[in-house]
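The structure appears below as structure tokens.
The values are calculated or read from the model by the stated rules, or taken from the named source; none is laboratory data. These numbers come from a predicted model, not from an experiment. For neighbour counting, all protein chains shown are included, and Cβ atoms are generated from backbone atoms with ideal geometry for every residue, glycine included.
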Amino acid sequence: MSAAATICYDPYSYELDADPYPTYRRMQDHAPVYYNERHDFYALTRFRDCHDAFVDFETYSSAYGTVLELMHGEPFEVPMIIFMDPPRQTRVRNLVSKAFTPRQIGALEPAIRTIAARYLDALVGAGSADFVKEFTAKLPMDVISTLLGIPESDRDHVRRASNRILHREPGNPMPPPDALEAQGTLMDYFGAALAERRARPRDDIMTLLMTAELQGADGKRECLDDVELPAFFNLLATAGNETVTKLLATAFYWLAEFPVEREALVEDPSLVANAVEEFLRFDPPSHYQGRTLTREVTLHGTSMPAGARIAIVNGASGRDPRQFRDPDRLDVRRQIDLHLGFGFGRHICLGASLARLESRIALEEFLRRFPRYRVAGVERMHSSNVRGLSGLMLQY
């Protein structure tokens, strides 16, 4: 039996989710175009193949969805920016990017640092705590809620719903009833918030995007409609929460596993910004992005037909030894020209600069208060394309 024939890559497997990297390496070496017959999709894991697929949006389309279990050969019904291709995607992205300019993001640093300090100060002296529950799940939710205008009383409700949307049961790729219910809950919530802002505009992203205009394909001015707006707010609340929540908990976990690297950050906090990039390479929150082929593609001797579902496994790309030397070693000083932790190309994460800022500040403040700690227990969340911890008990 060939080495390729022994590989089993199933993004819905809890066993794989525990540590996918050995499987990723075998795929890169022996099945760079991997076909999963049971779920009928192809997977790309080498850095260059993932990079090129992200760039070639005309061949690798997002319009049919980006999560494998929700891609069924028809254009996605929800008009959300991650489910669009250019030119529509470009026009909408240019509009919503007005809320994420470098100046606006940079101005958030004092507020983010204050929020982080408040949560972390409350844990000093406790001896142990679940840092997901008490910190990493709270900080990004507060930040994105401040931008969107979600009141403090609603934030736990929105966070719990976004977590439920991503959850998958063992061996079942389809969203469970609870996830579908949570999706409806958030859409209803943001629909009501939109109606409230139409009556009473505020100084927040919801109001900004409600009133912003973009130039349509026919040259006429147009606005996002009452379906697109709640869908985008839903995306911001879910992605803005999950990305940083998982990135930070993963970083804390790996720093305990690599204490020399942790000591380097404690001694020289100026390394933290670079360390964030290393965490995104080493173990990013988002592990694959789904695409649908618009034409037949032959890669590494394997033909993938038009209409095939593709998993661009960017989580594997950061451990590709063809791109990164000694890729399984965490190195906070590593110089990284490019990684795919936030995707790449037209669909690179819109909130990447905000996620980087939050993560840098959180790590600086965390290590200032907790330079020595050990991991006492972990609990993993399970989703097909997001990997991370739902619980991280630390003793200090």
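Just one residue in the set Ile144, Ile112, Ile105, Ile150 is surrounded by 12 or more Cβ atoms within 10 Å (Cβ to Cβ), assigned to a loop (DSSP other than H, G, I, E, B) and within 23 Å of the chain's Cα centre (by Cα); that residue is Ile150. Residue pairs whose Cβ atoms lie under 6 Å apart, sitting 6 or more positions apart in sequence or on different chains, and linking a residue in the stretch 363-378 that is closer than 16 Å to Lys138 by Cβ to a partner that is among the β-branched types (Val, Ile, Thr) and in a helix (DSSP H, G or I), are Leu363/Val272. Please indicate, with yes or no, whether at least one residue in the stretch 84-92 is farther than 26 Å from Val297 by Cβ and outside any loop (DSSP other than H, G, I, E, B). Yes - at least one qualifying residue is present in the stretch 84-92. Selection of the stretch 204-224 for residues being in contact (Cβ under 8 Å) with a residue 24 or more places away in the chain and either assigned to a loop (DSSP other than H, G, I, E, B) or surrounded by fewer than 17 Cβ atoms within 10 Å (Cβ to Cβ) (or both) yields Asp204, Ala212, Glu213, Gln215, Gly216, Ala217, Leu224. Of all residues in the stretch 96-118, none are small (Gly, Ala, Ser), modelled with pLDDT under 95 and more than 28 Å from Arg202 (Cβ to Cβ).
Taking into account only those residues within the stretch 332-348 that are under 16 Å from the mean Cα position of the chain (by Cα) and buried (at least 19 other Cβ atoms within 10 Å of the Cβ), which is nearest to Gln289 (Cα to Cα)? Ranking the qualifying residues of the stretch 332-348, first place goes to Gly343.
For the stretch 237-294, a residue qualifies if it is in a helix (DSSP H, G or I), in contact (Cβ under 8 Å) with a residue 24 or more places away in the chain and hydroxyl-bearing (Ser, Thr, Tyr), and the qualifying residues are Thr238, Thr243, Thr245, Thr250, Tyr253. Of all residues in the stretch 298-332, those satisfying the criterion of being β-branched (Val, Ile, Thr) and either out of contact with any strand residue (DSSP E or B) (no Cβ under 8 Å at 6 or more places or on another chain) or under 16 Å from Ser62 (Cα atoms) (or both) are Ile310, Ile312, Val313, Val332.
Restricting the stretch 59-100 to residues that are among the acidic types (Asp, Glu) and more than 16 Å from Ser286 (Cβ to Cβ), the residue that is surrounded by the most Cβ atoms within 10 Å (Cβ to Cβ) is Asp85.
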